[in-house]
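The values are calculated or read from the model by the stated rules, or taken from the named source; none is laboratory data. The structure displayed is predicted, hence computed values, not measured ones. Neighbour counts are summed over all protein chains in view; Cβ atoms, including those assigned to glycine, are modelled from backbone coordinates with ideal geometry. Surface areas here come from the heavy atoms of the whole protein model, side chains and all, with no ligands, DNA or RNA. Shrake-Rupley method; radii C 1.70, N 1.55, O 1.52, S 1.80 Å.
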Amino acid sequence: MTASVRWNPTRSRLRKSEYETTVIGMATSADTTRVAADAASRRGAGGPKRTIVLLNLVLFQLAWFAAVLGAAYRWPALGTACVLAAVAVHIAGAARRRDELAFVAIVVAVGFLSESAVALQGHIVYPSGQPVAWLAPYWIVALWALLATAPNVTLRWLKRRPALAALLGAVFGPASFVAGVRLGGARFVDATPALVTLALTWAVLMPLLMALSNRLDGFAASPAAS
């Protein structure tokens, strides 16, 4: 006796519907995960902890004052040593030290060239730390190494905002230099062209440095950890 098998179109449609729902659900879940990951990446997720950010902020300020005051009181080597110590602490705390060290080295090279170009104009003079008159003082080049400690830590929020980076560079670059002049670290021979040069230089360099920090980020989470 053979059992007859009847095809039930209703049940078949139900199974097909369940299958399609499962496939669509899996695709939607994958898309949601991918969008969330992209959004986290845009926000700079996986960056340094708050304690590292606070340490970076404090060391940056202390080292900056040490360098400028060291130059003002003709102890540029001492101020430079303080800056290098802060940079060393920064690199030691990086998850990928090679990337962070490479970023610092490139920023120092850029700083040396740009500050030497400013020195060549003769609009600014320095009281100490400048063995060659037409080259940038070594303590101010060291400050570029200190600057390089910020983009991947305290300035992470600026990474994908090039227009804002240019604006802030044009404003705060010269403002920082004016503060250094008031502390005695430098002197303007002709303030107006010097400040215009500094504003233009920082407006160009700041977004470029922030873009470079996206490629050389020693504090970003590793792919295996994300």
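Listing for the model above:
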{"read-out": "Range of Cα positions in the range 67-196 per principal axis (Å), largest first", "value": "42, 34, 22"}
{"read-out": "Surface share of carbon and sulfur [accessible, 1.4 angstrom probe, percent] for the range 96-226", "value": "69"}
{"read-out": "Segment Tyr73-Trp134, extension gain: residue separation times 0.36 nm, minus the distance between their alpha carbons", "value": "19.8 nm"}
{"read-out": "Calculated FRET value between Val171 and Thr192, using beta carbons and R₀ = 22 Å, to 0.05", "value": "0.85"}
{"read-out": "Solvent-accessible heavy-atom area per residue, rounded to whole Å², over the range 87-223 at 1.4 Å", "value": "46"}
{"read-out": "Estimated inter-spin distance, Ala179 and Leu54, nm [label 7 Å along Cα→Cβ]", "value": "2.1"}
{"read-out": "Convex hull of the range 53-117 built on C-alpha atoms - directionally averaged projected area, nm²", "value": "4.7"}
{"read-out": "Sparsely packed chymotrypsin sites (Phe, Trp or Tyr not before Pro) within the range 161-195, loop by DSSP, other Cβ within 10 Å at most 11", "value": "none"}
{"read-out": "Segment Val125-Leu62, extension gain: residue separation times 0.36 nm, minus the distance between their alpha carbons", "value": "20.3 nm"}
{"read-out": "Accessible-area ranking of Ser176, Ser128, largest first, probe 1.4 Å", "value": "Ser176, Ser128"}
{"read-out": "Cα gyration tensor shape for the range 138-185, rounded if a/c is under 1.5, else prolate or oblate", "value": "oblate"}
{"read-out": "List Trp64, Trp139, ordered by accessible area with a 1.4 Å probe, largest first", "value": "Trp64, Trp139"}
{"read-out": "Added length on full extension, which subtracts the Cα-Cα distance from 0.36 nm per residue, Val204 to Trp157", "value": "15.1 nm"}
{"read-out": "Ala95-Leu164 FRET efficiency (beta carbon distance; Förster radius 22 Å; 0.05 resolution)", "value": "0.25"}
